Amino acid sequence: MPSLARFLPAVAALLPLAQAIDFDIPSELFEDPLYGAPDNDFNCNRDKHPNPVIMLHGLSANREVDLNTLSHSMKDDGWCVFSETYGAHRLVPWIGGVKSMRESAAEIAAFIREVKENTGADKVDLVGHSEGGVMALYVPLVEEGIADIVDHNIALGPAIHGAQYYGFTDLMYFGGEVTRKLIGLAIRTLGCEACDDMATGGAVYNDFQNAERIVQAGNKASIIMSRSDTLVAPDASAVEEEGVRNIYVQDTCPDDKVGHAGLAWDKSVWGLIINELTEDYDREFECHKGLEI
């Protein structure tokens with residue numbers, strides 16, 4: 001288990017950079033635990049917020065990083081928050097989200113059922129970042145019965161319409177479908193099936209393209225995006241379906257130029273997440289400047 005001491009130098013190194021380019025580092029990154037998510041407490045008091053919130057981390061992350069600071073903040077405010085590492089290979093269990101996303105969807109679905117059963121809740125909410133945001137919509141689509149359990153799906157910068165990986169996906173097609181399949185096979189052989197699944201032409205991309213609806217009936221989906229996201233552009237994230245809320249950080253916090261990775265730690269984004277979960281869309285909160293990465 002990585003220790004806090006291993007991460008402090010890296011965080012401290014961000015301080016002069018933060019001052020130079022003007023963004024806010026969440027105070028939680030300087031507090032114990034820097035690494036680590038809250039325990040999954042199935043006896044959590046749900047009087048204030050009835051729906052348990054399940055956090056879904058991004059590609060190559062795990063439950064202990066990525067959305068862990070948000071999890072601690074929400075837990076301190078009375079939310080019942082749960083998470084697990086999904087999609088990790090046995091030899092490297094700390095690198096999550098890399099296995100086939102169909103396999104990961106089954107893992108997440110089992111965890112959703114576990115949380116619902118053990119808490120006694122009628123519904124759960126999903127909050128996912130990057131690949132986790134894709135999963136927040138994908139699992140209810142492909143796993144039977146999950147859509148009936150989910151209330152809110154909150155997706156931060158999800159690559160719903162094909163991950164481009166800074167243009168690498170286009171290069172996969174330099175020889176048409178033949179090179180797309182060969183490069184996809186190579187990526188999967190290297191151990192990142194999810195990287196191929198999310199790319200244009202991948203299994204998850206095709207499942208979304210072929211679906212009658214991306215967001216399932218009864219689910220309240222919110223896609224939170226940044227116009228400064230250079231890894232997953234908003235047009236790859238937005239879901240233009242009735243009832244889906246497509247939200248740009250800059251429409252509420254115009255000076256926040258948060259990037260893709262920064263969506264997980266940006267308190268402006270946290271404010272938007274709370275508004276979506278509570279459906280108090282006009283609630284005001286303090287804007288911050290997230291990491292531009």
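Rule-based calculations on the coordinates, nothing more; no lab input. In this text the structure is predicted, and so the values were computed from the model without any measurement. Note that we place each Cβ from the backbone using ideal geometry, even for glycine, and neighbour counts take in every protein chain shown.
Details
- Seen from ASP207, the other residues with C-beta closer than 11 Å to its C-beta sum to a net charge of 0, counting Lys and Arg as +1 and Asp and Glu as -1.
- Shown in residue order for the range 140-148 are the 3J(HN,Hα) couplings computed by the Karplus curve 6.51 cos²θ - 1.76 cosθ + 1.60 at θ = phi - 60°: x, 6, 10, 9, 4, x, 6, 4, 6 Hz (x for Gly and Pro).
- Taking amide H as placed 1.01 Å from N in the peptide plane, LYS220 has its amide H under 5 Å from the amide H of HIS152, ASN153, each at least 5 places away in sequence or on another chain.
- Placing unit charges on the Cβ atoms only, positive for Lys and Arg and negative for Asp and Glu, gives the range 4-278 a dipole magnitude near 520 debye about its Cα centre.
- Rounded to the nearest whole Hz, the Karplus-based 3J(HN,Hα) values (6.51 cos²θ - 1.76 cosθ + 1.60, θ = phi - 60°) of the range 203-210 follow the sequence 4, 6, 3, 5, 4, 5, 4, 8, with x at glycine and proline.
- For peptides 115-123, 101-109, sequence by mean Cβ density within 10 Å, most packed first: 101-109, 115-123
- Pairs from LYS123/LYS267; LYS116/LYS289; LYS123/LYS257; LYS220/LYS289; LYS181/LYS220 whose Cα-Cα separation, in the structure shown, is over 29 Å: LYS116/LYS289; LYS123/LYS257; LYS181/LYS220
- Most to least packed among 198-207, 271-280, 162-171 [average Cβ atoms within 10 Å]: 198-207, 271-280, 162-171
- Gap separating the Cα centres of the range 230-293 and the range 168-217, nearest whole Å: 26
- Under 5 Å between amide hydrogens, built in the peptide plane, is the criterion, and for ASN246 it picks out ILE223 among residues at least 5 positions away or on other chains.
- Structure-based [θ]222 nm, the chain - -39500 (n - 2.57) summed over DSSP H runs of at least 4, per residue, nearest 500: -11000 deg cm²/dmol
- The H on the amide N of ALA163, modeled in the peptide plane, is under 5 Å from the matching H of ALA199, THR200, each at least 5 residues off or on a different chain.
- Between the range 104-129 and the range 139-159, the Cα center-to-center distance that results, in Å: 10
- Calculated from backbone phi, Karplus (6.51, -1.76, 1.60) coupling profile of the range 35-46 in Hz, x at Gly/Pro: 10, x, 9, x, 4, 7, 9, 6, 9, 4, 6, 9
- Using a Förster distance of 25 Å, the FRET efficiency for ARG227-VAL142 (Cβ separation, nearest 0.05): 0.25
- Calculated FRET value between GLU279 and ASP76, using beta carbons and R₀ = 25 Å, to 0.05: 0.70
- Contact order normalised by residue count of the range 4-278, Cα under 8 Å, 6+ apart, percent: 16
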